[in-house]
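This report concerns only the one structure given below.
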Amino acid sequence: MAPALTEDVSLVATASSAAHDAKASASLGAVTGPAQSPAMDKLVGDIRAAFEAEKALGHTIDNSQDPESFQRLNAKIQGLLKEYAQHNPHDWRRYAFFNDVHYVRNLVEGNSDFELIVLCWKTGQVSRVHNHANSHCWLAVLEGDMREVQYQRVQEHGGPHQPPFVDELAAQAAARRSDGGGLHLEGRALVDETKTTDMRVGDVGYINDHIALHTVGCHMAPGALPADGCGGGWVAQGGVTLHLYAPPIRRVRIYENDGITERTPGYYSRAGVRV
Ligand SMILES: N[C@@H](CS(=O)O)C(=O)O
Ligand SMILES: [Fe+2]
């Protein structure tokens, strides 16, 4: 019998197969990563300072944050992530564990304010349609060609009340609905596909539940990496993205053809060590 699992290392597989796969698959990638990650450490420190600055002004950091405070924080965080991803020191490689079956979440830093996670995607691996609770979600592409597809909720069966403008967006999406890009439950649309964005190394994105649900995936193999003397022996296997969630996400909703389920996200590794 499959062991009971309380956390998902990925939002793509069923809970029991995720547990099985996580144990069965060899760890790849991070074994060849550098032992130190000075640029990543600096990034973590800079993110922490940006959060402290808003907290010192009395602001709570989540997706219903004071708009002025968010605007300031968003500009700062996007700048930091862009700088790291575009300069790309590759010192994220010590955190980059892959799984053959599904993308995995590797924790770099977690505290009560935020979690910074390196997600590893082999070509073809995609997350399921999901939300991000009440958190901000910033993401930066560190390797590979990624694609984000956004969705709007058409209806939630017994779910919590949505902010009014989400209902409005959902109504607009329903009005645009075709039989094509969406999930359906008992013949009714559950979510509608509304936007596709291709992302390359150095690109930074932001999403929260007031904007949309989404899936992310690695669709194309990366090109040959330059020999940079960092993480010798590294073999590119797909895509790598850096995600910053604030506050850390404890429950996510997954939208599938047979309905909506709640999951507790988990980690495949913490601080460069497989768990
Ligand atoms: N939000 C997802 C990754 S993604 O598809 O944005 C996760 O944390 O697993
Ligand atoms: Fe996501």
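Brief remarks follow.
- When each of the peptides 241-253, 65-77 is scored by how many other beta carbons lie within 10 Å of its residues on average, the order from highest to lowest is 241-253, 65-77.
- Sorting the segments 140-152, 39-51 by their mean number of nearby beta carbons within 10 angstrom, highest to lowest, gives 140-152, 39-51.
- Distance in nm between pseudo-label sites at A271 and Q71 (7 Å out along the Cβ direction from Cα): 3.9
- Approximate spin-label separation A53-E256, in nm, with each point projected 7 Å along Cα-to-Cβ: 4.3
- Fully extending the segment from H210 to T196 would add 3.3 nm, taking 0.36 nm per residue of separation and subtracting the current Cα-Cα distance.
No lab work stands behind these numbers, since they all come straight from the coordinates. Note that the structure is predicted; figures quoted are calculated from it, not measured. No Cβ is skipped: glycine too gets one built from the backbone with ideal geometry, and neighbour counts run over all protein chains shown.
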